[in-house]
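Engineer: Supplied in structure tokens, the structure appears directly below.
No value in this document is a laboratory result; all are computed from the given coordinates. Everything quoted here is computed from the prediction, not taken from an experiment. Backbone-built Cβ (ideal geometry, glycine too); neighbour counts: all protein chains shown.
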Amino acid sequence: MIITIHRTNQGDPYEIKSEFVDKHIELKYFGCIMNRKITKTFLGDHLGKTDDMRPELVETRCDLCGSANYKLLFEKEGFRHVRCHDCGLVFVNPRLKSHEEFQRISGTGSMGEEQLSPAQIRRICKELSIFGNYRKLNRILEIGAGKGWFLNVARSLGWEIWAVEINWDAIAELNQKGIRNVITSSAEDFDADPESFDAVRIWDVIEHLQSPRKCLEKVHGSLRPGGLLRVSTTNFRSLSRMVNGRDWVYLNGSDHIVLFDPTTIEKLLKSIGFRRIKIRTRSFNLRRKLYHPEKELRLSFHPLAPFRKLIDETIQFTRFGHQLIVDAVKGP
Ligand SMILES: [Zn+2]
């Protein structure tokens, strides 16, 4: 199969064509196009079934502590999920070699709502009121800005807004919204002026990154002393994951490659130099998926299902919620 990716002048700027000619090239680009039309069924049919049809995978060390010692927790659809023997971080190993290219071309960068509801705008304003307590330079950065909803609201409140974005579709969305300060880069390699931001937001991004550590080190360098980092990711030590096991909605080894919990995210942030780390979790989510976002599994009855709402409301007072939200300040 040959896959060519080329620009067109209007509409969807990147078009993917394919024809079955050469298996090697197909493997090279396999990971990049999983969310696109041609491999939706291909992925399900072939991954893990025929060795010579597998995409190219690479081994990695633990991103938190650098250790090469880990134990296998489980394998799901061809992806091995392991836990670091030395620090407890859970990650996918080996992982797709073409992962970054996948984020650039497809990924989830431009996913999200077409319009925000009034409740969503209220939530963003509430979040911005937290950032407001750190406002001195009046500059805010979002890494993985997606459709730019958060930055759009920040701009309406007078912030100078900046984005780091790698996904082509998302960059087009940001341009369309008139968001001009877009650093086109991976989250791990972006260049920004040192100590130039009051606040940085990273929402549901770090689980996708080859190296969350590199990204957070860059963020630390770009924040002014006393500036605020706000990061959200999935919680591997959540009740939702425990209940759903391997069918937990976020276990998608092609794209969710680092799976934090409250302990491991705190260790990583401390090791980089963040202080005053506040961790909270929220949400009890029983949804299950094979692959994000194509195929949702039917929710079979679970004894906890009738209590879902009650658990959802109370789990925010524990560390077992589905979503991890962390505030951390750049120390002196
Ligand atoms: Zn480790």
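Engineer: Any chance you could run the full-extension gain for LYS126 through SER185? It's 0.36 nm times the residue separation minus the Cα-Cα distance, nm to one decimal.
Structural biologist: The LYS126-SER185 span can extend by a further 18.4 nm.
Engineer: Can you work out ³J(HN,Hα) from phi for every residue in segment 135-141, in order, using Karplus 6.51 cos²θ - 1.76 cosθ + 1.60 and θ = phi - 60°, giving whole Hz and x for Gly and Pro?
Structural biologist: 7, 10, 8, 6, 10, 10, 10
Engineer: Pop out the ³J(HN,Hα) list for segment 118-132 in order, Karplus 6.51 cos²θ - 1.76 cosθ + 1.60 with θ = phi - 60°, rounded to Hz; leave Gly and Pro as x.
Structural biologist: Result, rounded to whole Hz: x, 5, 5, 5, 4, 4, 5, 4, 4, 5, 5, 5, 5, 4, x.
Engineer: Further, regarding this structure: Could you tell me which of rounded, prolate or oblate describes segment 80-191, using a ≥ b ≥ c as the square roots of the eigenvalues of the alpha-carbon gyration tensor, with rounded for a/c under 1.5 and, failing that, prolate when a/b is larger than b/c and oblate otherwise?
Structural biologist: The shape class here is prolate.
Engineer: So, one more: Could you give the size of the charge dipole of segment 118-330 about its Cα centre, using +1 on the Cβ of each K and R and -1 on the Cβ of each D and E, expressed in debye and rounded to the nearest 20?
Structural biologist: 820 debye
Engineer: Using each residue's phi in segment 272-287, evaluate 6.51 cos²θ - 1.76 cosθ + 1.60 at θ = phi - 60° and report the 3J(HN,Hα) Karplus result to the nearest Hz, with x for Gly and Pro.
Structural biologist: 8, x, 7, 10, 6, 7, 10, 10, 9, 10, 8, 6, 10, 10, 9, 4
Engineer: Separate question: Among THR281, THR264, THR318, rank each residue by its count of other Cβ atoms within 10 Å, from fewest to most, as a rough exposure measure. It would help to have the intermediate numbers written out before the result.
Structural biologist: Working: THR281 23, THR264 26, THR318 14.
The fewest-first ordering by Cβ neighbours comes to THR318, THR281, THR264.
Engineer: Quick check: the distance between the Cα centres of segment 155-192 and segment 250-288, to the nearest angstrom?
Structural biologist: Taking the Cα centre of each part, segment 155-192 and segment 250-288 sit 24 Å apart.
Engineer: Here's a follow-up. Could you work out the percent of alpha carbon pairs in segment 118-330 separated by over 32 Å, rounded to a whole number? Numbers along the way, then the final one.
Structural biologist: Working: 4082 of 22578 pairs.
It works out to 18 percent of all Cα pairs.
Engineer: Take the Cβ-Cβ distance between THR318 and LEU72 as r, set R0 to 25 Å, and report the resulting FRET efficiency rounded to the nearest 0.05.
Structural biologist: 0.35
Engineer: First select every other residue whose beta carbon is under 11 angstrom from the beta carbon of PHE320; then total the charges, Lys and Arg +1, Asp and Glu -1.
Structural biologist: Numbers: positive: ARG237, ARG241, ARG282, ARG319; negative: ASP261.
Once positives and negatives cancel, what remains is +3.
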